[in-house]
Amino acid sequence: MAARRTSRGVQRDGSVEVAIIDAVGRLLADRSIEDTAVSDILDEAGVSRATFYFYFQSKHAVVAALFERILDDVYGEFERNWLEVDAVAGDAVDSLYTALRAVYRVFLAHGPVLRTVARAYPEQPELAGSFEHMMDRLIAGATAKIVADRATGVAPAGHDAGELATTLVWMNERCFYVNSLQPDRGWASSDAMIRSLADIWASAIYRPA
């Protein structure tokens, strides 16, 4: 990655920034952000305190940067497996199951980071913006998909598309969060949870009462 200059003419090396972000990702695999000191990040990334604060204002700012990177993976799976797929009402459950399973796999792969943000964002403005960006992006995508499928007649008219998408996306977020912590809490398996969610999505969008 090429170095770039700030408005003050100071050269920023993207590889150093990435090293700090990656270091936080490794640390969060076995500890919370609350139990992670900036000094831990310095040791893991092999950078000085001055270098760290040149790139980030706080440890939460690093988590936010890492989260934004993961968001692209989350949305990419959602987009490839449902948003961009031509809907067929009879196959709705299967296509939604495929999409939600793909998203959940990303969630599991980056579980410590995603759970950190989901848990801490109400009290950390640096994380709130990233978390809200993720939810808003998923909701906007789902809303557009519902509107498009209604326009082509695949999905019948029903509840306000934006409100429906908001409800469904938030439902997923909470279920994914809880299941990643306690897989046996009310579900026979993670797969059973995903199938239940897919059926709820399909019923709400393609088979409304």
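Pairs of Cα atoms under 8 Å, at least six residues apart: use those to get the relative contact order of the chain, whole percent.
20 percent.
Mind putting a number on the dipole of the chain about its Cα centre? Charges go on the C-beta only, +1 for Lys and Arg and -1 for Asp and Glu, and I need it in Debye to the nearest 20.
300
Tilt of helix 190-206 relative to the longest C-alpha principal axis of the chain, in degrees (0 to 90, nearest 10)?
That works out to roughly 60 degrees.
Please compute the length gained on full extension between Asp86 and Asp73, using 0.36 nm multiplied by the number of residues separating them and subtracting their Cα-Cα distance.
2.6 nm
Scan region 46-134 for GluC sites (Glu not before Pro) in coil per DSSP, keeping those whose Cβ has at most 13 other Cβ atoms within 10 Å, and list them by number.
Counting only loop positions with at most 13 other Cβ atoms within 10 Å, the GluC sites (Glu not before Pro) in region 46-134 are Glu84.
Per 0.36 nm of contour for each residue apart, how much would the distance between Asp94 and Val147 grow if the chain were fully extended, relative to their Cα-Cα spacing?
Values: separation 53, 0.36 × 53 = 19.08 nm, distance 1.98 nm.
The Asp94-Val147 span can extend by a further 17.1 nm.
With angles folded into 0 to 90 degrees, how steeply does helix 59-78 sit against the dominant principal axis of the chain? Use alpha carbons for both and round to 10.
Helix 59-78 sits at roughly 30 degrees to that axis.
Once you charge only the Cβ atoms, +1 for Lys and Arg and -1 for Asp and Glu, what is the size of the charge dipole of region 105-209 about its Cα centre, to the nearest 20 debye? Provide the component values of the computation, followed by the final result.
Working: 10 positive and 11 negative charges, 56 e Å.
Dipole magnitude for region 105-209 comes out near 280 debye.
Between the alpha-carbon centers of region 130-209 and region 27-51, tell me the distance in whole angstrom.
About 35 Å separates the Cα centre of region 130-209 from the one of region 27-51.
Take the eigenvalues of the Cα gyration tensor for the chain, scale each by 5, and report the square roots as semi-axes in whole Å, largest first.
Computed over the chain, the values are 37, 19, 13 Å.
Val47's amide H: which non-local residues (gap 5+, or another chain) put their own amide H closer than 5 Å, with H modeled 1.01 Å from N in plane and none for Pro or chain starts?
For Val47, whose amide H was placed from the backbone, there are no distant partners under 5 Å.
Given points 7 Å out from each Cα along the Cα-Cβ axis, report the Asp30 to Arg119 separation in nanometres with one decimal.
1.7
What is the angle, in °, between the Cα long axis of helix 125-151 and the longest principal axis of the Cα atoms in the chain? Nearest 10 is fine, range 0 to 90.
30
None of the figures in this text is laboratory data; all of them are computed from the coordinates on show. Here the structure is a predicted model, which is why all the values come from computation and not from measurement. FYI the Cβ positions are ideal-geometry reconstructions off the backbone, even for glycines, and counts take in every protein chain you see.
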